[in-house]
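Here is the structure we will look at.
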Ligand code: TA6
């Protein structure tokens, strides 16, 4: 049985476990359609804070939260409502090379009363293969009005040592530095190594990056389509201390590499669809 589900006390699915034929696995909480685990070739690839809160209210700290319809601060609460709302599990489909599950979010009485009041249909498709995990986020404007949004898949990757973690593919790409408050920074050197609080939006970034780990025999190929930007984030020491759902030293065990369309909003006319896809695959070095 490639999918196992658990339900809450109302009998509604609250967690879905996808199981691949070769031992790969992926856990999705319908709260925020948040992936909290991706095991491939016997190893956990996703970071989840030991202090993450699962109360169906707060965003889960770690995993791959879905950010929609707003990235960052703004008229809505930080990162929008999708990651803190219960999605509906639409079911799964087996195939020779893996298993797929789909999750649905539409407007509700709270969202239509929010500063972003539009009718919409958001479908997240999660495909688990032997060595890859593919996330497709499809946005449909079911309103009569055009709307715009920013959106991102806020992936937290696990590492044994942030000091030995290398991100390849962003040299020479302009970025917004949210720590320095500047635009058009460029990091000439390759690969990017995190040495302090890092919060960068690489605008119109290349579609493919490589995330590697010193002294490890596998790396991750990160590929986006539809999404324009990559965001790279590590809170480092001081910010980590200020996060109640994140351990003081957990900044050493994670790096966020997030695919999104965040620097410029996506404008979606009534009745139209938009899709962003983020694929992560394990590569043998
Ligand atoms: O993706 C980077 C970022 O926008 C950072 O600025 C930081 O706020 C991070 O997301 C986490 O945000 P959260 O609201 O989950 O604490």
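Please work out whether the range 28-130 counts as rounded, prolate or oblate from its C-alpha gyration tensor, where a ≥ b ≥ c are the square roots of the eigenvalues and a/c under 1.5 means rounded, while otherwise a/b larger than b/c means prolate and anything else oblate?
oblate
Can you give the FRET efficiency to the nearest 0.05 for residue 168 and residue 57, using r as the Cβ-Cβ distance and R₀ = 45 Å?
Efficiency, from the Cβ-Cβ distance: 0.75.
Using a 10 angstrom cutoff on alpha carbons, build the Gaussian network for the chain and name the most mobile of 195, 34, 106.
195
Can you put 12, 46 in order of Cβ neighbours within 10 angstrom, beginning with the fewest?
Going from least to most buried by this count: 12, 46.
Only residues of the range 121-158 count here: report those whose backbone N is under 13 Å from the spot 7 Å along Cα→Cβ of residue 96, or say none.
none
For residue 19 and residue 75, what does the FRET efficiency come to when R0 = 45 Å and r is the distance between their Cβ atoms, rounded to the nearest 0.05?
0.65
Using only the alpha carbons of the chain, what is the convex hull's orientation-averaged projected area in square nanometres?
Taking the Cα atoms of the chain, their convex hull projects to 14.8 nm² on average.
For every helix of n ≥ 4 consecutive DSSP H residues, a contribution of -39,500 (n - 2.57) applies; sum these over the chain, divide by its total residues, and give [θ] at 222 nm rounded to the nearest 500 deg cm²/dmol.
-500 deg cm²/dmol
With the chain treated as a Gaussian network of Cα nodes joined by springs under 10 Å, which of 91, 80, 72 yields the largest mean-square fluctuation?
91
With labels modelled as points extended 7 Å from the Cα through the Cβ direction, what inter-label distance (nm, one decimal) is found for residue 244 paired with residue 177?
Simple spin-label model gives 3.3 nm for this pair.
Evaluate the relative contact order of the range 3-284 (contact order divided by residue number), counting alpha-carbon pairs under 8 angstrom at least 6 apart; express in whole percent.
Relative contact order, the range 3-284: 18 percent.
Let's test this: bin the Cα-Cα distances of the range 144-267 at 10 Å from zero up to the farthest pair and state each bin's percent.
Result returned by the calculation: 13, 43, 33, 9, 2, 0.
According to a simple spin-label model (label point 7 Å from Cα along Cα-to-Cβ), what is the distance in nm between residue 145 and residue 223?
3.9
How much length, in nm to one decimal, is gained on full extension between residue 273 and residue 208, taken as 0.36 nm per residue of separation minus their Cα-Cα distance?
Stretched fully, the residue 273-residue 208 segment lengthens by 21.0 nm.
For the range 111-158, take the convex hull of the Cα atoms, compute a quarter of its surface area, and give me that in nm², please.
4.6
Values in this text are rule-based calculations from the coordinates and carry no lab data. The structure displayed is predicted, hence computed values, not measured ones. Every residue, glycine as well, gets a Cβ built from its backbone with ideal geometry; the counts of neighbours run over all protein chains shown.
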